[in-house]
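One structure below.
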Amino acid sequence: MNQIALNTAETSAGKGKGRIDVRNFSLSYETIDGSVEAVSDTQIHVNPGEFVSIVGPSGCGKSTLLNAVAGFLKPTTGIVTVDGEAVKGPSADRGMVFQQYSLFPWKTVRENVEFGMKMRGMDRSKRERAARTLLGLAGLEAFEKHYPDRLSGGMKQRVGIVRALATGPKVLLLDEPFGALDAQTRVIMQQILTNMWQRLKISVLFVTHDIDEAIFLSDRVYCMTARPGSIKAEIPIPLERPRQQSMMMSSEFLGLRRGLMSLIREESLKAMGGEITDLGMQGLSIELNGQSLADVL
Amino acid sequence: MSSPALARDPVEPNLVESTTVVPPKIEAKQPTITTPSPQGAAIGALAARWYRLNKDKLQATLIGTLSLVAFLIAWHLLTKYRVVFFVRFTNVPSPLAVYDSFTRAIHDPKFFLHVALSCRRILVGFSLAAVVAIPLGLVMGRFKRIHEMVFPVAEVLRPIPAIAWVPMAIMLWPTNEQSIVFITFLGSFFPILVNTLHGMSLVDPVLVRAARCLGAREASIFREVYFPASLPHIFTGLTVGMGVAWVSLIAAEMISGQYGIGYFTWEAYSLVQYPDIALGMIAIGLLGLASSLLIRAMGRFVMPWGRT
Ligand SMILES: Nc1ncnc2c1ncn2[C@@H]1O[C@H](COP(=O)(O)OP(=O)(O)O)[C@@H](O)[C@H]1O
Ligand SMILES: [Mg+2]
C-alpha cells in the first residue's frame, strides 16, 4: 500500500527527465541608483538525475540564479529552460527548499506535505497515504500531527524537502537549505537528502557556501565569481557513491577541497577588497591580498 | 490422523500459557491488595507534583482574589464613612446596597430585557462589522488598487469617534434601534479593518513563494496563505473591536436609547436610584469581559497552531 504511494512520487519524478539549461543568462536589479547587475553572462546545465551545486561568496548572485530557475525572476538576457521548455513562472514541476524553512505554521507536518498534492486536486485519502510514506522516508512519521512551531530546525527542513518532493517535481532547487543548522544536524541532513535524491532519481540544483557540503553531495560543482556573478569554474566530483562521512578525510576529497577553496578565497577577497577600498582603506586591502591575513579569513 | 493432531495442538499451548501466566498474576495482585498505603503515597506525590507545576497560577489566583477583596473593603469603608476628599463619596452606594439591588434585579424581567437587548445590539453590530471589515481588509491588503481607493476614505472617517455619529445616525436610520446598532457597527468596524490590513502587510513573502512553487494559484494562495497568516491580527482586531463596540453601544444607549444596559444605568441616575448605577456599571464590565473571553476562546479554537 505504501509502496504504491511512493511509486506515484517516483514515476512522476523519474523517467530521466529534469534537464535544466541556463543559457547566456544575466540578471540586473533595478534600484534607485540605477540597475545593478547581479549575475552576468552565465551558462549552466543540470543533466537529468544529476546533483549539481553552486558555490560562491555571499552576494555573488547564487540566490538570484536559483530564483530565476524557479521562475520568480525573469532573466534580463538569456533563457532558462527545463526539458526544453522555457521557464515562465513558478510551477510544481520545480520544487524549492528555502533556507528559512518556510513551512506553513498553521498546517501540521502532514498538511504541509500534502499541500502540493492538494493544489493538484488529488483526493484526500490518496494524498494522505503518499504524505505518510514520504514522511516515513525522512524519519518523520511520528511527527505528522505536530505543528512546525514545535519542531527542531533539522526536522523543519526535512519537512521542507519532503513537501517539495511530494508533488513529484522534475527538479529540486535548494537555496542554502542547511545554512541555519548546526554542524551535526547538517551532516545528517546531507545524508537524508542524498538518500531521497537517489531514491527519486530527480535532478538537483543546490546552492551553498559550504565547500565540504558541495563536494560531499554533488556530481558537479559550479564556482561563481564575486558580483556580478558568473561561472568561474566547473568542477566534476568523481567520488564514488554511496559516499560516507569518512571520505571527507580521503586525499581525493581534500584535493578537491583545496582546489575549490582557493577559487572561492580569491573571489571572497575580491568581493571584500572592493568594499574595503570603497572605505578608503587601501593599505588594509593590500595586506589582505597577502596569504597570512587571507588564512585568518 | 490429522484431526487429533489439530485438536491437540491448540490445547497444548493454552495449557502452557495458563500455567505460565497464572503465577505472575498472583504476584502482581498481592502488593496491590495487601498494601494500599503506596497508592495513597502515589496520590500524595501526584498532588505535590501538581502543586509544584501550578504553583505560579495558584499564587496568581490567590493574589487576584485578595486584591478584589481589598477593593470591596475599601469601597465599603469609603461609602460607610461618606468620605469627602476631593472626590465625594456622600451619595455613592455601598457594596451591600448594590448587592441588595442586584438581588432585586435578578427577579425583575425588565433588567434582563435591558441586558438581552444590549447583547443583541452588540451581536448584530459587531457581527456586521466583522463580516464587512475582514473581507474588505483582506482584499485591500492583496490588491493595491482597491487599497488606494478605499484607504483615504477610511482614514478620514476613522478618527471620528462612534459617539460623534449619534446625531447623524439618528438622521440616517428610520428607527432608534437601527441607529444604535449602526453606532456599534462603526465602533468595531475600524479596529477590525486596520488590524486585518496590518496582518496582511506582515504576511511572509517566502510563504507565498513556497505556495507558488507547490502549484498554488491566486485563489488558493489567498485562502491557504494570506488568510491564515493574517488570522492572529484579525483576532487582535476583533478583540479591540469588541471593546470599542461596548463603549459605543453604552454611549449611544445613554443618549438615545429606550432599553439596554446603558440606558438602565443612565435612567437609574435620573430616578435617583443610586445603587442601580453601580449595578449597571458592573453588569457592563462583566458583559464586556465575557465577550472578550468569548473571542479569545474562538481564536484559540480557530488557530490551534498558536502557542497561547
Ligand atoms: N531585490 C534586489 N534589489 C537590488 N539588489 C538586489 C536584490 N536582491 C539581491 N540584490 C543584490 O544582488 C546581488 C546578488 O544577490 P543574491 O543572489 O541574493 O546573492 P547570494 O545568494 O549569492 O548571496 C547582491 O549583491 C544583492 O545585494
Ligand atoms: Mg542567497
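Using the alpha carbons alone, the radius of gyration of segment A:2-260 stands to its Kirkwood radius in an Rg to Rh ratio of 0.96. For the protein assembly as shown, with all protein chains present and a 1.4 Å probe, just round the carbon and sulfur fraction of the accessible area to a whole percent. Taking all protein chains in place, the protein assembly as shown shows 63 percent carbon and sulfur surface. When A and B come together, around 1900 square angstrom of accessible surface is lost from both chains combined, probe 1.4 Å. Of the trypsin sites (Lys or Arg not before Pro) found in segment B:141-230, those in coil by DSSP whose Cβ has at most 10 other Cβ atoms within 10 Å are B:R217. Each Cα pair under 8 Å and six or more residues apart adds its separation to the average, and for chain B the resulting relative contact order is 18 percent. Note on B:T175 and B:F85: their simple-model spin labels are 5.0 nm apart, each label 7 Å out from Cα toward Cβ. Between segment A:48-115 and segment B:39-88, how far is it from one alpha carbon centroid to the other, in angstrom? Rounded to whole Å, the Cα centres lie 58 Å apart. The reciprocal of the average 1/r between distinct C-alpha atoms defines the Kirkwood hydrodynamic radius, which for segment B:97-306 equals 18.7 Å.
With coordinates expressed along the principal axes, the C-alpha atoms belonging to segment B:186-308 extend over 69, 27, 18 Å, beginning with the largest. Bridging of A:K74 to lysines at a Cα separation below 18 Å is possible for A:K62, A:K88, once same-chain residues fewer than 8 apart are set aside. Annotation for segment A:77-170: trypsin sites (Lys or Arg not before Pro) lying in DSSP loop with at most 16 further Cβ atoms inside 10 Å of their Cβ are A:K88, A:R120, A:K145. Taking every DSSP bridge with both residues inside the protein assembly as shown, close to 55 percent are antiparallel. With a Förster radius of 41 Å applied to the C-beta separation of A:D123 and A:Y29, the computed FRET efficiency comes to 0.45. Here the Karplus curve 6.51 cos²θ - 1.76 cosθ + 1.60, taken at θ = phi - 60°, turns the phi angles of segment A:172-177 into couplings of 10, 10, 10, 10, 6, x Hz, with x standing for Gly and Pro.
B:I221 sits among other residues whose Cβ lies under 13 Å from its own Cβ, and their net charge, with Lys and Arg +1 and Asp and Glu -1, is +3.
Here is the list for segment B:65-119: chymotrypsin sites (Phe, Trp or Tyr not before Pro) lying in DSSP coil, each with at most 12 other C-beta atoms within 10 angstrom of its C-beta, are B:Y81, B:F86.
Here the protein assembly as shown is treated as an ellipsoid with the same Cα gyration tensor; its semi-axes, largest first and in whole Å, are 61, 41, 26. Relative contact order, whole percent, for segment B:225-286 stands at 19, derived from Cα pairs under 8 Å and 6 or more residues apart. The calculated FRET efficiency for B:K55 paired with B:V206, based on their beta-carbon distance and R0 = 41 Å, is about 0.50. Calculate the FRET efficiency for B:T103 and B:A290 from the Cβ-Cβ distance with a Förster distance of 22 Å, rounded to the nearest 0.05. Efficiency for this residue pair is about 0.60.
The antiparallel fraction among DSSP beta bridges confined to segment A:2-260 stands at about 50%.
The values are calculated or read from the model by the stated rules, or taken from the named source; none is laboratory data. Since we're looking at a predicted model, the values are computed, not measured. Reconstructed Cβ throughout: ideal geometry from the backbone, glycine too, with neighbour counts over all protein chains shown. Only protein heavy atoms, including side chains, enter the accessible area calculation; ligands, DNA and RNA are left aside. Shrake-Rupley method; radii C 1.70, N 1.55, O 1.52, S 1.80 Å.
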